[in-house]
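A short write-up of the structure that comes next.
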Amino acid sequence: MVRETSEKRYGVLLAARDSEYVNKVYGGYFNVFIAAFGEEGEKWELFRVVDGEFPDIDELHKFDGFVVSGSPYDAYGNDCWILKLCFLLQTLDFMQKKVLGICFGHQVLCRALGGKVGKATTGWDIGLRKVRIVNDMPPTNFQTNLTEIPSSLSIIKIHQDEVWEVPLGAEVIAFSDKIGVEMFSIGDHILGIQGHPEYTKDILFNLIDRLLTNNSIQIDIAENAKMGLEIAEPDRKCWERICGNFLKGRYIDYC
């Protein structure tokens, strides 16, 4: 008898082009995501949506989940690929496929499903940020036991846009002293995270230097962000477990 394979299949919807640094050190952002969330025996596929590469609509049912990456583009923009991405996310939501949105992915997921996004009222958020988990929200279908997760977690941040209003039916899971919606979920198949659980400190340092070089940020913002990263660490292992368990449909019972 031929035994059916139980191989899990995931797609990365890459909304940013690989930097020279990430290509050289990691072989591209795709490998960064696999290192953070992938497990042995899984199949991961790359779709460079920023360049118009999308999964075939007739193949979506074969995937167990998708990750939407960060991006230098605005989630509220009307570029053709962003509008096409919004339609894809609406389709995946209708199919109740697991979708994890990170930074831009968090924002465009919110937009696609009926929420509102725009420029952050407090400006750039770069460096290490402590987010607080909402511990008094009503029962939700999101498969996590939040009481077993620390009340606050540090995560790497680099963005100047934010979620203004979550979609109807969404639950805000985390917030910070700077951003009102650090995480949100819909049912047990949609999860948005404003920070970067997949980033390492060296990736952020390189991004800060690039922003400084092209005059996108001021030197005091860059120095403060770097200083914060030199004296503290992001809770990467916990974030990786939260994201990995979400994608795999497992309960998050500890960090």
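Here are the numbers for this structure:
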| item | result |
| --- | --- |
| Inter-label distance for Asp220 and Lys24, nm, one decimal - labels placed 7 Å from Cα along Cα-to-Cβ | 3.2 nm |
| For Lys98, net neighbour charge (Lys/Arg +1, Asp/Glu -1) across residues whose Cβ lies under 9 Å away | 0 |
| Only Lys, Arg (+1) and Asp, Glu (-1) charged, at Cβ; the chain dipole about Cα centre in debye | 60 debye |
| Rounded percent of accessible protein surface that carbon and sulfur make up, region 18-130, 1.4 Å probe | 49 percent |
| Value of Rg/Rh across region 34-79 [Cα atoms, Kirkwood radius] | 1.00 |
| Amide H contacts of Ile173 (H built 1.01 Å from N, under 5 Å, at least 5 apart or other chain) | Met183, Phe184, Ser185 |
| Relative contact order %, region 1-135, counting alpha carbon pairs below 8 Å whose residues are six or more apart | 25 percent |
| Cβ-defined net charge surrounding Gly118, 9 Å radius [Lys, Arg +1; Asp, Glu -1] | -1 |
| Cα gyration tensor of region 156-250 - equivalent ellipsoid semi-axes, whole Å, descending | 27, 17, 11 |
| Solvent exposure of region 1-105 as accessible area per residue, Å², 1.4 Å probe | 53 Å² |
| DSSP-loop GluC sites (Glu not before Pro) across region 1-56, with at most 14 other Cβ within 10 angstrom | Glu4, Glu7, Glu39, Glu40, Glu53 |
| Diffusion coefficient, µm² s⁻¹, Stokes-Einstein with Kirkwood Rh over alpha-carbon pairs of the chain at 25 °C and 0.890 mPa s | 133 µm²/s |
| Net charge, Ile82 excluded, C-beta distance under 13 Å - Lys, Arg +1, Asp, Glu -1 | -2 |
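The values are calculated or read from the model by the stated rules, or taken from the named source; none is laboratory data. Every value quoted in this text rests on a predicted model; they were computed, and no experiment measured them. All Cβ positions, glycine included, derive from the backbone under ideal geometry; neighbour counts span all protein chains shown. Accessible surface areas use protein heavy atoms only, side chains included; no ligands, DNA or RNA. Shrake-Rupley method; radii C 1.70, N 1.55, O 1.52, S 1.80 Å.
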